[in-house]
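K.L.:
Okay, handing you the structure first.
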Amino acid sequence: MGVVAGVAHMAVAAPGRRPPREPLGWAGALGRGLALGLGLGWASACLPTPVFECRGDADCAEVADDARCEAERFCSVPDATCDSGRRFHEYAGDGLADACTDLRCGDGVVDGDEVCDDGNERDGDGCNRDCRPSGQEIWTQGYASPGFVEDRAYALAIDSAGNIAVIGHVTVQGEGANLWIRRFSSAGEIDWTWVKDGGAMLDEEGWSILVDGNDDFVVAGYVHTPDEDADGWLGKIGKDGLLVWDEDVDGGVALVDQIRGIAFAPDGDIVALGYATPDLTTDTELWFQRRSPDGATVRWTQLRAGLPDGKPDRGHGIFALEDDFIGVGYRQDADDRQHYWLSRFDGDGNDVWSEAGDPAGPEGVWTAVRGLGNGDLVLVGWREAVAGDMDLWLQRRDPAGALLWEEIVASPSGADDRGNVVTPAPDGGFVVGGEMGAGAGSTDAWLRRYTADNREAWTDTISGPAGQRDTIWGLGFGPDGNLVACGYISSPATSWDIWVRKYTP
């Protein structure tokens, strides 16, 4: 294990009005102007006017009590001679200094270099506050191992500085898959890569990643060892890309055990969800466990028996809700049909409420769950359609589990459609990622942003060059308000390749 080099595609910046700039503050802006003036020669030129870009009205407070930050990110002050009643300050850039704000982003009219103008200053609703469309690519990165082998990304986490850590696996031809973590900067540059090889020439995968208050990463998945089958695995990778600690999790016998999701308890404990094989008479069962922040101490372990004569059961996703946790997954019957499982359990692993799919009903799987700012829950997965294929399935519930809203999203091809991940948006809405059937057994990666009242804001689909299975598994918003997605896309030369993209809101 350690830091290894990787192969990356070139990052491409999306077009925009201006490159991002940090607010200088008025003192900093004046200082920059003075420095420029001295550089040009004190006697030969007047001091140039510095440019000051704001992020909110508070940045304009020193200009005047009634100054405000306009959508163009420059300050304005009242001026009755302008039709709009306001004029940009002399420190505005882009040729707007001392100009009236009559022609501006957010007035509902597409002017100048605006691509859209929906009459408001909200991001993520289809037309952002900079009058550029929502959901546009900022940069894309990828990774492909040598040979025709599978590489996949399953989750991501974003730290306080906007750095993005992605977890999944990469494959060494003839040796199996290795658990893989890579951190990118906010600009898409590679910071470091960490790989775990169990040493048995078998598979290791990373499924879940969280960032803690120190900007280190708690990660989970499974590993193979030479004398064991798959064991669940939990660890911490420091912000420097070095291993801090790790623990193997054995369900009871040398068979299949995996961790699929992790969440932080209020006291810093780690609660993990997945599946384990407790003895030789059963298949995998729903499993969850609470451990100390350093992973060393097991507080408790819970196992949930599946359906009578059932097949493997799986816990997929987990979310911390106040002092409790919401877990989702499925139980499988003797005919290999999958039926959803949903539970709210307390900090000791006891059910507060739970719900499970009817074995006599259609198949259905919950893959992920997240909470919104108002306490509501959003669940994503897939459900069996009348035609027998699977459709992407969404629900919104209150904290007590009551259904508030439901939507089925089906591709016109009649192929399988799946929801894999959901993340809350800063405006109270949410973003869902997964895949849509594209015909002939292929899928396109699919991404949709919903407003706070459950309406579609924008949708994006991505098709890999091989036209095979393309999908999204990880989502998150950075401190800059932009969205990041990860998953994998198909390639005719290298099978499945890891894919990471940053979007405008």
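Each row is one residue, and each column tells you yes or no for (1) closer than 19 Å to residue 475 by Cα; (2) buried (at least 22 other Cβ atoms within 10 Å of the Cβ).
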site	(1), (2)
350	no, no
353	no, no
362	no, no
366	yes, yes
372	yes, no
392	yes, yes
401	no, no
427	yes, no
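K.L.:
Provide a single number: the residues in region 470-496 that are outside any strand (DSSP E or B) and more than 18 Å from residue 124 (Cβ to Cβ).
P.N.:
Qualifying residue count for the region: 4.
K.L.:
Would you pick out the residues in region 309-331 that are assigned to a loop (DSSP other than H, G, I, E, B), of a type outside the set (Gly, Ala, Ser) and at negative phi?
P.N.:
The one that is assigned to a loop (DSSP other than H, G, I, E, B), of a type outside the set (Gly, Ala, Ser) and at negative phi: 323.
K.L.:
Here are 230, 276, 296: which of them is over 24 Å from the mean Cα position of the chain (by Cα) and surrounded by fewer than 22 Cβ atoms within 10 Å (Cβ to Cβ)?
P.N.:
296
K.L.:
Go through region 143-158 residue by residue and tally those that are charged (D, E, K, R) and either in a loop (DSSP other than H, G, I, E, B) or without any contact (Cβ under 8 Å) to a residue 24 or more places away in the chain (or both).
P.N.:
2
K.L.:
Just for region 403-425: of the residues that are among the aliphatic types (A, V, I, L, M) and loosely packed, with under 14 Cβ neighbours inside 10 Å, which one is farthest from residue 378 (Cα to Cα)?
P.N.:
So, considering only residues that are among the aliphatic types (A, V, I, L, M) and loosely packed, with under 14 Cβ neighbours inside 10 Å, the one farthest from residue 378 (Cα to Cα) is 408.
Yes/no per residue for (1) of a type in the set (S, T, N, Q); (2) in the same structural domain as residue 345 (by TED's automatic domain parsing); (3) modelled with pLDDT of 90 or more; (4) assigned to a strand (DSSP E or B):
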site	(1), (2), (3), (4)
220	no, yes, yes, yes
233	no, yes, yes, yes
246	no, yes, yes, yes
256	no, yes, no, no
267	no, yes, yes, no
271	no, yes, yes, yes
275	no, yes, yes, yes
283	no, yes, no, no
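K.L.:
Quick check on this structure: which one of 497, 460, 480 is buried (at least 24 other Cβ atoms within 10 Å of the Cβ), closer than 23 Å to residue 182 by Cβ and either among the charged types (D, E, K, R) or out of contact with any Phe, Trp or Tyr (no Cβ under 7 Å at 6 or more places or on another chain) (or both)?
P.N.:
Only one candidate qualifies: 497.
K.L.:
Okay, next question. So is residue 499 of a type outside the set (Lys, Arg), in contact (Cβ under 8 Å) with a residue 12 or more places away in the chain, within 27 Å of residue 147 (Cα to Cα) and part of a strand (DSSP E or B) or not?
P.N.:
Yes; evaluated as a whole, the condition is true for this residue.
K.L.:
Looking only at residues in region 391-441 that are without any contact (Cβ under 8 Å) to a residue 24 or more places away in the chain and acidic (Asp, Glu), which one is nearest to residue 325 (Cα to Cα)?
P.N.:
398
K.L.:
Confirm whether residue 66 is loosely packed, with under 13 Cβ neighbours inside 10 Å, assigned to a loop (DSSP other than H, G, I, E, B), modelled with pLDDT of 85 or more and among the acidic types (Asp, Glu).
P.N.:
Considered against the rule, which asks whether it is loosely packed, with under 13 Cβ neighbours inside 10 Å, assigned to a loop (DSSP other than H, G, I, E, B), modelled with pLDDT of 85 or more and among the acidic types (Asp, Glu), residue 66 comes out as yes.
K.L.:
Additional query: Go over the candidates 116, 105 one by one and state the one that is at negative phi, at pLDDT 90 or above, surrounded by 14 or more Cβ atoms within 10 Å (Cβ to Cβ) and not in a strand (DSSP E or B).
P.N.:
From the options 116, 105, the qualifying one is 116.
K.L.:
Does any residue of region 442-451 turn out to be without any contact (Cβ under 8 Å) to a residue 40 or more places away in the chain, assigned to a strand (DSSP E or B) and at positive phi?
P.N.:
Within region 442-451, not a single residue is without any contact (Cβ under 8 Å) to a residue 40 or more places away in the chain, assigned to a strand (DSSP E or B) and at positive phi.
K.L.:
The conditions are (1) touching a Pro at 6+ places or on another chain (Cβ under 9 Å); (2) among the hydrophobic types (A, V, I, L, M, F, W, C); (3) part of a strand (DSSP E or B), and residue 334 fails exactly one of them. Which is it?
P.N.:
Of (1) touching a Pro at 6+ places or on another chain (Cβ under 9 Å); (2) among the hydrophobic types (A, V, I, L, M, F, W, C); (3) part of a strand (DSSP E or B), only one is false for residue 334: (3).
K.L.:
Could you list, in sequence order, all residues of region 159-173 that are assigned to a loop (DSSP other than H, G, I, E, B) and at pLDDT 95 or above?
P.N.:
Hits for region 159-173 are 159, 160, 161, 162, 163.
K.L.:
Additional query: Pick from region 180-196 the residues that are surrounded by fewer than 19 Cβ atoms within 10 Å (Cβ to Cβ) and among the aliphatic types (A, V, I, L, M): which of them is farthest from residue 237 (Cα to Cα)?
P.N.:
Result: 187.
The values are calculated or read from the model by the stated rules, or taken from the named source; none is laboratory data. A quick note: this is a predicted structure, and the numbers were derived from the prediction, not measured. Every residue, glycine among them, receives a Cβ derived from its backbone with ideal geometry; neighbour counts consider all protein chains shown.
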